[in-house]
Amino acid sequence: MVWPPEPIRTERLVLRESETGDRAVFIELLTSPEVHTYLGGPRPRDELEREMPGTPERWPGSFVVDLDGAMIGQILLRRATGHRRPAAAGKADLGYLFLPRAWGFGYAAEACAAALGWLASALPGEPVVLTTQTANVGSMRLAAKLGFSEVERFEAWGAEQWLGMRSPVTPSG
């Protein structure tokens, strides 16, 4: 797979590789109590300020979600290694973080669909998994909208988790 790909453009968004100017937004995402309500809590700002490189998250599968020239979130597509659930092991794992001010506008659905489309063309036939807390109603709705079906529910990190899988799209014959 070639990385980074050309920026992926949707009707309103651009999915691109991170740039130096995105660092402050990455820190905002990772320190936000709202963003991390279902993710184990925010990271300490002083720790991130010390540890985060000038150009953060530059690795295959990490897309910055850009709206009108400004970062509003991140899409992560990475191999599920060391996953708690055998059904997810070795599969592509979709994750996403968006700033609270970007919630409720359909940006996550638009960006995730674009990233999943890119993955389907880069790795045809690749199944994708997504894990979220069942209490995260918005994330559960998004998973359904993106075509993820429940594989199992399990207890982890003190809460019920939901594991869904999106089977690869196959051309109809």
- Message: Being in a loop (DSSP other than H, G, I, E, B), at pLDDT below 95 and either touching a Lys or Arg at 6+ places or on another chain (Cβ under 7 Å) or exposed (fewer than 13 other Cβ atoms within 10 Å of the Cβ) (or both) is the filter here; which residues of the range 116-146 pass it?
- Response: Pro124, Gly125, Pro127
- Message: Taking the condition of being surrounded by fewer than 19 Cβ atoms within 10 Å (Cβ to Cβ) and within 25 Å of Ile27 (Cβ to Cβ), how many residues in the range 66-92 meet it?
- Response: 6
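One line per residue, one yes/no per condition, for (1) without any contact (Cβ under 8 Å) to a residue 40 or more places away in the chain; (2) surrounded by 14 or more Cβ atoms within 10 Å (Cβ to Cβ); (3) part of a loop (DSSP other than H, G, I, E, B):
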residue	(1), (2), (3)
Ala24	yes, no, no
Ile27	yes, yes, no
Val35	no, yes, yes
Tyr38	no, yes, yes
Arg43	yes, yes, yes
Thr55	yes, yes, yes
- Task: Give just the number: which of (1) assigned to a loop (DSSP other than H, G, I, E, B); (2) free of Cβ contacts under 8 Å to residues at least 40 places away in the same chain; (3) surrounded by fewer than 17 Cβ atoms within 10 Å (Cβ to Cβ) does Glu49 not satisfy?
- Result: (1)
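Looking only at residues that are in a loop (DSSP other than H, G, I, E, B) and small (Gly, Ala, Ser) in the range 147-173, which one is modelled with the highest pLDDT?
The initial filter retains those residues of the range 147-173 that are in a loop (DSSP other than H, G, I, E, B), namely 147-148, 157-158, 167-173.
Applying the additional criterion that residues be small (Gly, Ala, Ser) yields 147, 158, 167, 172-173.
On the way: Gly147: 96, Gly158: 86, Ser167: 81, Ser172: 48, Gly173: 42.
Ranking the candidates gives Gly147 first.
The values are calculated or read from the model by the stated rules, or taken from the named source; none is laboratory data. Bear in mind the structure is a predicted one, so any value in this text is a computation, not a measurement. So basically every Cβ, Gly included, is an ideal-geometry build from the backbone, and we count neighbours across all protein chains shown.
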